[in-house]
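Undergrad: Mind having a look at this structure? Questions to follow.
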Amino acid sequence: MLNQHGKLPQVAYFCMEYGLSAKLPIYAGGLGILAGDFLKAAADLNLPLVGIGILWRRDYTEQYIGENGWPYDTYPAYDYDFVKDTGITVKVEVKGKEVACRVRLVDEYGNAPLYLLDTNIPGSEDGWITEKLYGGGTEERIAQEIVLGIGGVRLLRALNIDVDVYHFNEGHAVLAGIELIREKMAAGMSFEAAWQATRRQVVFTTHTPVEAGNEKYDHGKLQEMGAYNGLSYEEMVRLGGDPFNMTEAALRLCSIANAVSNMHGHTARAMWRHVTGTGPIISITNGVHVPTWQSQEIYRAFLTGGDLVKPHLKAKQKLIAYARQHTDANLNIDSLLVGFARRAAGYKRGDLIFRNAEVIDPLLREGKLQLVFSGKAHPNDHEGKRIIRDLVMMDRKYKDAVVFLENYNMEIAKLLVQGCDVWLNNPLRPLEASGTSGMKAAMNGVLNLSVVDGWVGEGPQHGISGWLLDVHHSDLDPQVQNMHDLQALYKVLFAEVIPTYYYDKDRWQEMMRASIDMSHFRFSATRMVREYYEMMYRRAMDEQDAVTAPWAVPYRSRGEQHPFSC
């Protein structure tokens, strides 16, 4: 992981959300959980990395179920007394006004500290900026991205942290690149030279292959809010186009980018091939922090070659007890328990198994099949909320066979990935970039029943360490693909999963062992972080070292032209 001069790159990791624990609800879903696992793994490996984020005063949403089954959102405020105040503030300009941002610190991960920017300062009128993660409209979002990106770079300067590589985890952090360019131009460089110098310092991870997940902004609004940060319209267009696309800008601001699974790499390269002047997009498959997500009892049984069933049943009983406490459902520990839990979004098709409900109706009524669901929809995602409403209706119809656990969070996620027997995953391909929940389940001996998308194309083997629903025709209408996938799901469930669970316990335990063996290192955050250092950070450092770079000297005013250009 050392560069050509034997140095470990010092990395600043920018992300809009971090999922570290349930007590710090500054995350919405998979992106934040990944960022939290990334920091933990860097700490475990004693690597020089600092996280940059925002301290959201209110939860992304606490989402509960109303009498009519429709989810409703609440936004409790948190004080976060346990998050240290460094006593340092940095300033950014938002809509022509100077905004002060406190620098807060989560330091429990040693060499991988997390610094969080916070505009919720007593007496300030700017607390609205860091009020709600992904809340509000366009102005709120741009203001938040100014704080994360521009404020994040200024935070590093204020703390005298010498950074070798800036890692933008999703496009939300792009304005950090604008700030790096502004610094270099203020030191006397041309825009072209500053852009190219910045590119050698930046790497970028793209996550979403869903068009709506890639933000675009009107230039007038960006300029009004202060996101131009001294750059001109023409310069901003060269970076992000018109309208300004945050992902396109990130691709043009980086030396190298990555997708988050091999399959996602193919999708991302095809998706962005029309964008010129970008860094190459490679693939580094996501991983999860094993100590956070894997049952220690399951791990010990796996290492010693012991019985996996006993510790699994203990985890299953904890999940059943939680479900009984929160829903009054009486799940049966001896019956097959299939779990599905992730962000409620249309392409993830959380309701797919019920689209021909009469097929599984006898199994549910006889108690041979039990289904437990959880997940949150974005507060403005009516399709996602409709899916939750439909799952809740099935919960009410099949009281002791179908359960929906409201207000999905890290605590519920851990219960599910350890306590279910089977993990169901059926996104509409190729829209699942990775799917880390399945990794967490796999390393607990919970067998994946999955469409082949995201990480699954690199992991479970059908009938050995899980079951695959590999029925995909790229030229099919999505509705036709839904039908094909549903038929495949029912076929594998009836012909393979259920018979193995009830009539071949030895094989089931062999598959559990194969699942843990397949996943516990290959899909760990330890492996993932090492690959980032080897394949991206070291490469960026070597490119910097290969250039005679007066811009690397501490910033000072100088009039000479930079010796290289585009």
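Every read-out reported here was derived from the displayed coordinates using simple, explicitly stated rules and does not represent laboratory data. As the structure is a prediction and not an experimental result, all values here were calculated from the model. Neighbour counts are summed over all protein chains in view; Cβ atoms, including those assigned to glycine, are modelled from backbone coordinates with ideal geometry.
Undergrad: Quick one: net charge of residue 281's neighbours, Cβ under 13 Å, K/R +1, D/E -1? Don't jump to the answer; show the numbers that get you there.
TA: Working: positive: 252, 269, 273; negative: 248.
In short, +2.
Undergrad: Something else about it: Using the Cα centre as the reference, give the magnitude of the dipole from point charges on the C-beta atoms of the stretch 278-341 (Lys, Arg: +1; Asp, Glu: -1; all else neutral), rounded to the nearest 20 debye. Walk me through the numbers on the way to the answer.
TA: Working: 6 positive and 4 negative charges, 23 e Å.
Computed about the Cα centre, the dipole is about 120 debye.
Undergrad: Whole Å is fine, so just give me how far the alpha carbon centre of the stretch 25-90 lies from that of the stretch 381-397.
TA: 26 Å
Undergrad: Report the local net charge at residue 10: Lys and Arg +1, Asp and Glu -1, summed over other residues whose C-beta lies under 9 Å from its C-beta.
TA: Details: positive: 7; negative: 162, 164.
Here the count lands on -1.
Undergrad: Can you list the lysines whose alpha carbon is less than 18 Å from that of residue 314, not counting same-chain residues fewer than 8 positions off?
TA: Partners within reach: 414, 440, 505.
Undergrad: If R₀ is 30 angstrom, what is the calculated FRET efficiency for the pair residue 357 and residue 334, using the beta carbon separation as r and rounding to 0.05? Walk me through the numbers before you get to the answer.
TA: On the way: r = 24 Å, r/R0 = 0.79.
E between residue 357 and residue 334, to the nearest 0.05, is 0.80.
Undergrad: If you find the alpha carbon centre of the stretch 198-270 and of the stretch 486-502, how far apart are they in angstrom?
TA: Using only Cα atoms, the two centres lie 43 Å from each other.
Undergrad: Here is a further query. Mean separation of Cα pairs under 8 Å and 6+ residues apart, divided by the residue count of the chain: what relative contact order is that in percent? Each step should come with its number before you reach the end.
TA: Values: 1139 pairs, mean separation 89.5, N = 566.
It comes to 16 percent, rounded to a whole number.
Undergrad: Within a Cβ distance under 14 Å of residue 325, other residues only, what is the Lys/Arg minus Asp/Glu net charge? Provide the component values of the computation, followed by the final result.
TA: Details: positive: 318, 324; negative: 328, 406, 411.
Spelling it out: positives minus negatives among the neighbours equals -1.
Undergrad: Skipping prolines and chain starts, which residues have an amide H placed within reach, meaning under 5 Å, of the one on residue 452, given they are 5 or more residues away or on another chain?
TA: Long-range HN contacts for residue 452: 469, 471.
Undergrad: Moving on to the next point. Please order 538, 200 by the number of other Cβ within 10 Å, starting at the fewest. Before the final figure, lay out each step's value.
TA: Numbers: 538 20, 200 24.
By the 10 Å Cβ count, ascending: 538, 200.
Undergrad: Something else: Seen from all sides and averaged, what is the projected area of the convex hull of the Cα atoms in the stretch 290-523, in nm²? Kindly include the intermediate steps, with their values, before the conclusion.
TA: On the way: hull surface 46.6 nm².
For the stretch 290-523, the mean projected area of the Cα convex hull comes to 11.6 nm².
Undergrad: Does anyone have the angle between helix 309-327 and the longest principal axis of the chain? Alpha-carbon axes, 0 to 90°, nearest 10?
TA: The angle comes out near 80 degrees.
Undergrad: Using Cβ counts within 10 Å as a stand-in for footprinting exposure, how do 93, 125 rank, fewest first?
TA: Values: 93 15, 125 9.
Least crowded to most crowded, the residues run 125, 93.
Undergrad: Cα to Cα, under 20 Å, and not fewer than 8 places away if on the same chain: which lysines meet these conditions relative to residue 97?
TA: Partners within reach: 221.
Undergrad: Would you mind checking which residues have amide H under 5 Å from residue 256's amide H? H placed 1.01 Å from N; only 5 or more apart, or other chain.
TA: Excluding prolines and chain starts, which carry no amide H, the hits are 204.
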